[in-house]
1. Among B:178, B:130, A:92, B:295, what is the fewest-to-most ranking by other Cβ atoms within 10 Å?
2. Report, in debye and to the nearest 20, how large the dipole of the protein assembly as shown comes out about its Cα centre when Lys and Arg carry +1 and Asp and Glu carry -1 on their Cβ.
3. Tell me, what is the percent relative contact order of chain B, built from C-alpha pairs under 8 Å that lie six or more residues apart?
4. Quick one: which residues, 5+ away or cross-chain, put their amide H under 5 Å from the amide H of residue A:313? H built at 1.01 Å from N.
5. Subtract the Cα-Cα distance of residue A:221 and residue A:71 from 0.36 nm times their separation in residues, and report this length gain in nm to one decimal.
6. Roughly how many nanometres apart are two label points built 7 Å out from the Cα toward the Cβ at residue B:127 and residue A:180?
7. Would you mind checking A:213/B:84; A:118/A:213; A:161/A:213 for any pair whose Cα atoms are more than 31 angstrom apart?
8. Contact order normalised by length for region A:200-267, with contacts defined as Cα pairs under 8 Å and 6 or more residues apart; what percent is it?
Amino acid sequence: MNRFRSLLGIALGIAGVVLVGCQAGTDAGGATAGGGAPKTGKKFKVGISIPAADHGWTAGVKYWADFASKQNPDIDWIIQDAKESGDQISGLENLQTQGVDAMVILAYESGPLTPIAKKLHDAGIVIVNVDRGFTEPVADVFIEGDNKAFGRKSAEYMAKKLNGKGKIAIIEGVSCTVNTDRVEAAKAVFKAYPGIQIVADDKGEWNREKAEKTMANMLVANPQIDAVWASDDDMALGVETALKAAGRNKNIWILGGGGMKDIVKRVMDKDPLFPADITYPPSMIGFGVQAAAGILHAGKDNAKKYMPRHVMIDIELITPENAKDFYFPDSIY
Amino acid sequence: MKKANLLTEYGALIALALLFVINVATRGGNFLQIENLRNLVSQDAAVGVIAVGMTLVIIAGGIDLSVGSMTAMCGAVVILLVNKLASSGMGANVAILLAAVGAIAIGAIAGLLNGFVVAYGRVAAFVVTLGGLAGFRSIALVLGKGGEIRSQVSPLQDFGFGGLAIPFVKDAAGGPVLFYWSAIIFIGIALLAGFGLNRTRFGRYIVAVGANPRAAEYSAINIQTVRLAVYTILGALVGLASVLVGARMNSIGTGSAGLYYELDAIAAVVIGGTSLRGGKGRIWGTVVGVLLLTLISNMITAYHIDTNWQGLVRGIVILVAVLIQRGKKEDE
């Protein structure tokens, strides 16, 4: 028994050593100093803080954050993902004590992350905010996708393809500004077409399984639906599952959003269920990474003279004609 | 035999000390800077306050899975109350204080409800509080209409990142380094609970009820009252924790606030050496458990480890802690 306990003690020690071992590995890998190092001879350090990958789009964010930071090996990048807002705040505090020069933040939620972002900004850390904004202007650069254009362009495509006439279902995401902007812009377009009837409107939480359940319920309640405005590609896949399960996958089509490679491929292959998709590239985090690197290289004061405070990324319609320009088979999204 | 007891008794503390030494050896000044040490104590202060209450419940032979959802519910109440009171012309600090009292009261009522069904309804605590886990979250979501509730009262935020200046220490910009209120409250609650558990009659009752309810009943202890009391205390502490969370974020995301707090709190209690079978436990162990879990998160950032590994490391630590405990039981 004594021996068993000693072994456990050793195991506990090993857990610690393993942690340190991992560090040794990363240090050795990143030791090549680049040309744009700061004058003191020390490498710049930048933290990237993103929500944990709970659906395809956020997994894409992680992929592109990794990818973009690897293109800037002269900077010491620390990527961390958070399972909820409190976790993200603690992570940001830890990054601060690590002495980071800049942070690229995709907030788990806008309100909860604003106080800490303000505190970090006041401490002189460059803040690049991507996608989900803060409630106060505390970011040096704010990069977001044009969610109103997302709603408008997708709804215009849907209305035209239906020739201004038909019954549609709307599946919404998690309640936040991103979802509100998309849905309201889309509904404003549909309103202009009196022949288009929204027969169902409910939440799918940007989640495949939830969207599947929501769609299944909608199908029971509505004998005829001509098209589904699903507003996200994870949800579009859930909708497809529900349609197939109900044997209703004919004479109906789905418009998702985000540019997931699986959906883009289906558009490219002219799948009748997916005639088009709309972009909302998770690679925008990469642009944030470049912005942070650029600001540090130029020096904060110099960069301020020309860096925009707010960047809005355009949203594009993906059709079979242009799908190959949006198809990235190596990306995980 | 003595040597083995050292490990079973102080395993968590030894592990914490070991990790501390490893950090000092490999990170040196970066790890030892006052801000970092301060963060270690304050970052999980809310979970810590809850874990202290959870220790009492577990020693009394119960468990509470509803604390995370309860945090969201009480947090929603804090923010709504603070906004309401401040907009009615009340001073910000008074409004915050009253809202905090309100949240603690709501938490205590929710805890009382849990305790009542457990003690008098004779339903397993696991099941009762599983109901709470679903129910309290739902109330929070209703209050926040599924989204986040933001405070319109900025002094709340000042409380979240406010505290007592640590003497003789300056930050990079030359300002004082604050020891956050959240950490002070966590330490205060832990000391209070430790005193209550070890030095009062009520503390001895909690242990007695957890160790052997029948024997406790025969020695004229009202076991129902004791059970009711520990759940109520835990509920009130959850209310207090929700104030810390709400202040830190100046808002409450009703879908995400307090998520997995029940698991973090139970993990800290178990790592600290409190037996899930009840009747035996210690507050200081739980505090060590909370600090150990916070230190692991801290190290994940410091050593550039992919955060996806964090769960595995935590899992190993929890398992090892439980295995050591099991060894102890077999000896007895």
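1. B:130, B:178, B:295, A:92
2. Values: 61 positive and 55 negative charges, 295 e Å.
Roughly 1420 debye for the protein assembly as shown.
3. 33 percent
4. A:144, A:145, A:146
5. On the way: separation 150, 0.36 × 150 = 54.00 nm, distance 5.09 nm.
Difference between extended and current length: 48.9 nm.
6. Calculated label separation equals 4.3 nm.
7. Working: A:213/B:84 37 Å; A:118/A:213 40 Å; A:161/A:213 26 Å.
Check vs 31 Å cut-off fails for A:213/B:84; A:118/A:213.
8. With pairs under 8 Å counted, the relative contact order is 34 percent.
Read-outs: derived from the displayed coordinates by stated rules, not from any lab. Please read these numbers as outputs of a predicted model, since none were measured by experiment. Using ideal geometry, Cβ is built from the backbone for each residue, glycine included, and neighbour counts are taken over all protein chains shown.
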